[in-house]
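Notes to accompany the following structure.
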Amino acid sequence: MEMCFEILIQDKRVTQRELFYKLLCDSPHYFSSQLQVNRTIQDVVALLRCSRYSLGIMASRKGLVAGRILLQEPNQEAVDCSACGSSGYAISGDLNLLESLSTKTDARYIVVVEKHAIFQRLAEDNVFNQIPSILLTAKGYPDIATRFLLHRMSRAFPDLPILALVDWNPARLAILSTYKFGSIGMGLEAYRYACNVKWLGLRGDDLQLIPQQSLAPLKPRDLQIARSLISSTILRDNYRQELAVMMQSGQGAEIEALYFNGYDYLVKYLAKKIVQANYI
């Protein structure tokens, strides 16, 4: 708390990683690992009943946006995210800046993409010109800034369905659940940025689209995550059924397996799933 006080007095913002190295130098007997610092930050957030951002701790820059949305920072020119190429628009870790963004879109869908490589493929193929959409990725497990911006977009554009594209395995379903329900590890911030995210794919009925040899065996960690998710009271029944199939088969599938049908198939798959789900 003393370190956070100093940060706020100087009107600065630091990432958890930066804070760890500062504490490691100043208080090596108290903090010897990043995990210790992260857990202590959660304790302070719970104790003071505040957000970590209000303590001067910001998210590291991780997430990306592409597609049919204009983002404009105060006193800056608007950025057309459809012209950012496969690299996308980098989401700032400054939540105040994200809150102040001016946003405009003619999209009909927001697509949350679990994997950076899949995000790049869809952006490179200009999927948003064929399917009027906004693409967003956190390159894996979602950070606060990416979840914050998604929540911000869900408030700005409440009529746009939010669709998730993740691998078919328990760990990736856990990523989707973090967007949808929040993260228990975030303490009081757990549900603040939860959004009504719908699981578009991969789903169990998509396995017929990929060769059997592309299925990957589940790891012990995957099975542990599956049991934890199934025991959750907030998970929908159809999600539990899919998890049960994963556990019974002991296998999972990656989105990249769809390339069996050609490198351009991903866009066709996305369009097909949207129609099947009656979002059109």
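The values are calculated or read from the model by the stated rules, or taken from the named source; none is laboratory data. Everything numeric here is computed off the predicted structure, so don't read it as measured data. Counting neighbours? That spans all protein chains shown, and the Cβs are built from the backbone with ideal geometry, glycine included. Protein only, heavy atoms only, side chains kept; ligands, DNA and RNA dropped before computing areas. Shrake-Rupley method; radii C 1.70, N 1.55, O 1.52, S 1.80 Å.
If you check L243, L270, L235, L258 for being touching a residue at least 12 places away in the same chain (Cβ under 8 Å), in the same structural domain as F181 (by the TED database) and part of a loop (DSSP other than H, G, I, E, B), only one passes: L235.
The rows are residues; the columns are (1) open to solvent by 30 Å² or more (accessible area, probe 1.4 Å); (2) of a type in the set (S, T, Y); (3) more than 20 Å from the chain's Cα centre (by Cα).
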position: P220; (1), (2), (3): yes, no, yes
position: A226; (1), (2), (3): no, no, no
position: L229; (1), (2), (3): no, no, no
position: R240; (1), (2), (3): yes, no, yes
position: A244; (1), (2), (3): yes, no, yes
position: Y259; (1), (2), (3): yes, yes, yes
position: K268; (1), (2), (3): yes, no, yes
position: K272; (1), (2), (3): yes, no, yes
position: Q276; (1), (2), (3): yes, no, yes
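Here A117, A123 are screened, and the one residue that is in contact (Cβ under 8 Å) with a residue 12 or more places away in the chain and open to solvent by less than 40 Å² (accessible area, probe 1.4 Å) is A123. Pairs meeting the criteria (first residue in the stretch 58-77 and without any contact (Cβ under 8 Å) to a residue 40 or more places away in the chain, second residue in a loop (DSSP other than H, G, I, E, B), beta carbons under 8 Å, at least 6 apart or on different chains) are L70/A78; L71/A78; L71/L101; Q72/A78; Q72/L101; E73/L101.
Of the set (1) open to solvent by less than 30 Å² (accessible area, probe 1.4 Å); (2) modelled with pLDDT of 85 or more; (3) over 18 Å from the mean Cα position of the chain (by Cα), all apply to R52 but (2). Scanning the stretch 149-170 for residues that are in a helix (DSSP H, G or I) and either among the charged types (D, E, K, R) or open to solvent by 20 Å² or more (accessible area, probe 1.4 Å) (or both) gives H151, R152, S154, R155, A156. One residue stands out among those in the stretch 55-72 that are of a type outside the set (A, V, I, L, M) and within 22 Å of the chain's Cα centre (by Cα): the one that is most open to solvent (accessible area, probe 1.4 Å), which is R61.
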